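A short write-up of the structure that comes next.
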Amino acid sequence: MYLKSIEVQGFKSFANKIVFEFHNGITGIVGPNGSGKSNVADAVRWVLGEQSAKQLRGASMQDVIFSGTENRKPLGFACVAITLDNSDHKLAIDFEEVTVARRVYRSGESEYLMNGTSCRLKDVHELFYDTGIGKEGYSIIGQGQIDKILSGKPEERRELFDEAAGIVKFKRRKMVAQKKLEDEKQNLLRVTDILSELE
Ligand code: ATP
């Protein structure tokens, strides 16, 4: 599995539609200060479901939408799509190629798409659990992140190892099952109360 391309439109400094294509080997993005290199990494974080504006170096989620320049009006939406080669089927989806897209409008409306079909943020998260790619994954190492990992709490560091070991999805499923079990216990308690009132 590898990243084949990133398509951005209206995202931060990229007003026009731009497609970055990646081939085998290492790709470097170079450019003068402030030319938008980090915005490319932000675009990947964002499409993977980043919900924190701070992580994207903004104050609000609408800050990812192109805000205009002296010569150009602001845009009304931002869209990012990443395409991954899945010929090794590392992603549990029956496609050789997977495109995940996210779109947001100034009105606040937003949507996620997987291979062109509308989906939930949860679906995007589930697709990338245990692959290292998800928004909490270790495939994007931002500035200062190594320091954060080294000086972070043991539980936070553990999350990184869980992801690498491929057990995150099982932990999530366990949490959901435990929550359901707890809800059922409460329901049972309530039924027992009603029954004893009736007797
Ligand atoms: P450096 O080398 O200094 O780290 P960089 O190449 O990584 O810089 P970025 O931080 O990716 O640059 O891009 C910063 C630029 O993006 C700034 O010029 C900023 O004005 C522009 N920018 C950020 N958000 C928006 C937005 N919503 N609309 C328009 N431009 C934006």
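The values are calculated or read from the model by the stated rules, or taken from the named source; none is laboratory data. In this text the structure is predicted, and so the values were computed from the model without any measurement. No Cβ is skipped: glycine too gets one built from the backbone with ideal geometry, and neighbour counts run over all protein chains shown.
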(1) closer than 18 Å to Gly10 by Cα; (2) away from the ligand (no atom under 16 Å from the Cβ); (3) in a strand (DSSP E or B): which one isn't true of Ser118, the others all being true?
(1)
Here is a check on your reading of the model: is Val104 touching a residue at least 60 places away in the same chain (Cβ under 8 Å) and either in a loop (DSSP other than H, G, I, E, B) or surrounded by 10 or more Cβ atoms within 10 Å (Cβ to Cβ) (or both)?
no
Listed residues Glu126, Glu197; which is at negative phi and touching a Lys or Arg at 6+ places or on another chain (Cβ under 8 Å)?
Glu126
Report every pair of residues separated by at least 6 positions or lying on different chains whose Cβ atoms are under 9 Å apart, first residue within the stretch 4-15 and farther than 20 Å from Leu84 by Cα and without any contact (Cβ under 8 Å) to a residue 60 or more places away in the chain, second within 12 Å of the ligand (Cβ to nearest atom) and among the hydroxyl-bearing types (Ser, Thr, Tyr).
Ser13/Ser35; Ser13/Thr69
Here's a check for you: in the stretch 116-127, which residue that is within 13 Å of the chain's Cα centre (by Cα) and exposed (fewer than 13 other Cβ atoms within 10 Å of the Cβ) is modelled with the highest pLDDT?
Arg120
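Hey, could you check the stretch 3-19 for residues that are of a type outside the set (A, V, I, L, M) and closer than 20 Å to Glu50 by Cα and say which is farthest from the ligand (Cβ to nearest atom)? Before the answer, list the steps.
Here is the first cut: in the stretch 3-19, the ones of a type outside the set (A, V, I, L, M) are 4-5, 7, 9-14, 16-17.
Next, from what is left, pick out any that are closer than 20 Å to Glu50 by Cα: 5, 7, 9-14.
Values: Ser5: 19, Glu7: 17, Gln9: 12, Gly10: 9, Phe11: 8, Lys12: 4, Ser13: 4, Phe14: 8 Å.
It comes out as Ser5.
Name the single residue that is farthest from the ligand (Cβ to nearest atom) among those in the stretch 33-48 being under 22 Å from Lys17 (Cβ atoms) and part of a loop (DSSP other than H, G, I, E, B).
First, pick out the residues of the stretch 33-48 that are under 22 Å from Lys17 (Cβ atoms): 34-48.
Now narrow it down to the ones that are part of a loop (DSSP other than H, G, I, E, B): 34-36, 48.
Details: Gly34: 4, Ser35: 4, Gly36: 4, Leu48: 17 Å.
Top of the filtered list is Leu48.
Considering only the stretch 99-115, state which residues are on the phi > 0 side of the Ramachandran plot and at pLDDT below 95.
Let us first name the residues in the stretch 99-115 that are on the phi > 0 side of the Ramachandran plot, namely 108, 115.
Passing the criteria: only Gly108.
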Do any residues in the stretch 52-76 that are among the charged types (D, E, K, R) have Cβ atoms under 7 Å from those of residues that are in a helix (DSSP H, G or I) and near the ligand (Cβ under 8 Å from one of its atoms), where the two are at least six apart or on different chains, and which pairs are they?
Arg57/Asp42
Determine whether Gly152 is small (Gly, Ala, Ser) and surrounded by fewer than 14 Cβ atoms within 10 Å (Cβ to Cβ).
no
Within the stretch 52-80, count every residue that is part of a loop (DSSP other than H, G, I, E, B) and either touching a helix residue (DSSP H, G or I) at 6+ places or on another chain (Cβ under 8 Å) or within 11 Å of the ligand (Cβ to nearest atom) (or both).
12
Go through the stretch 45-86 and report how many residues are loosely packed, with under 11 Cβ neighbours inside 10 Å and closer than 26 Å to Met1 by Cβ.
2
Condition met for Tyr112 (in contact with a Leu (Cβ under 9 Å, 6 or more places away or on another chain) and either assigned to a strand (DSSP E or B) or basic (Lys, Arg) (or both))
yes
